[in-house]
Every structure is written in structure tokens, then in C-alpha cells.
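Undergrad: Okay, handing you the structure first.
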Amino acid sequence: MTSGYRPVPARAAGPGDLDAIVGTLTTAFFHDPLWGPAFPDEEHRAEQAAAMWRLYATSALRYPWSQVTDHAESVAIWIPRAVRS
């Protein structure tokens, strides 16, 4: 029996991926129970949430750990925690 697992190719995200990343995250979390109350006006939610996701993604892209699929259908944003000496 096979698992059916097929790896999905991903690559490091770069500045050219920002708009696609923002679109994916805005769409993915539009009806999320956490973000709905944060942006209660559904008519303006996409615009408001996109501004927040843009700030978040822009901040994360300075690190080399954020990943996207070819068309940013899937996004993984990683921000390292601060290391204290």
C-alpha cells in the first residue's frame, strides 16, 4: 500500500512574491474565526487584512526561511526568534 504522499516543490520566497503571498494569506484567513472579529466589517476586511499581512510578510522576507510554492498557492512564513547571548 502506498501513502499517496507526493512532495510539493517549494522555494525560498523573495520580494517578487510579496503580492502573491499577501493574496494567499488574505484569502486563506478571510473567514477565519480569529481574524473575523479583528476586522469585523466584511466589506473592508480584505483591504484591512491585506495591509496587516503585507506588513507581516514584508518583515519576514528579510530572513531566508519563508517558503512558497511556484504560484504561492501555499505559503510558510518563518520568523526566527531572537537569540540572546
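Undergrad: Looking at segment 2-27 only, could you name the residues that are touching a residue at least 40 places away in the same chain (Cβ under 8 Å) and part of a helix (DSSP H, G or I)?
TA: The answer is Pro15, Asp17, Leu18, Ala20, Ile21, Gly23, Thr24, Leu25.
Listed here are the residues, each with its yes/no results for (1) within 10 Å of the chain's Cα centre (by Cα); (2) loosely packed, with under 13 Cβ neighbours inside 10 Å.
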| position | (1), (2) |
| --- | --- |
| Ala12 | no, yes |
| Gly16 | no, yes |
| Pro33 | no, yes |
| Ala50 | no, no |
| Ser66 | yes, no |
| Arg84 | no, yes |
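Undergrad: Can you tell me which of Trp53, Trp65 is free of Cβ contacts under 8 Å to residues at least 60 places away in the same chain and in a loop (DSSP other than H, G, I, E, B)?
TA: Testing whether each residue is free of Cβ contacts under 8 Å to residues at least 60 places away in the same chain and in a loop (DSSP other than H, G, I, E, B) leaves just Trp65.
Undergrad: If we keep just the residues of segment 52-64 that are open to solvent by 70 Å² or more (accessible area, probe 1.4 Å) and in contact with a helix residue (DSSP H, G or I) (Cβ under 7 Å, 6 or more places away or on another chain), which is farthest from Gly23 (Cα to Cα)?
TA: Thr58
The values are calculated or read from the model by the stated rules, or taken from the named source; none is laboratory data. Remember, it's a predicted structure, so these values are computed and weren't measured experimentally. Here Cβ is always computed from backbone atoms with ideal geometry, including for glycine, and neighbour counts include all displayed protein chains. These accessible areas exclude ligands, DNA and RNA; they are computed on the full protein's heavy atoms, side chains included. Shrake-Rupley method; radii C 1.70, N 1.55, O 1.52, S 1.80 Å.
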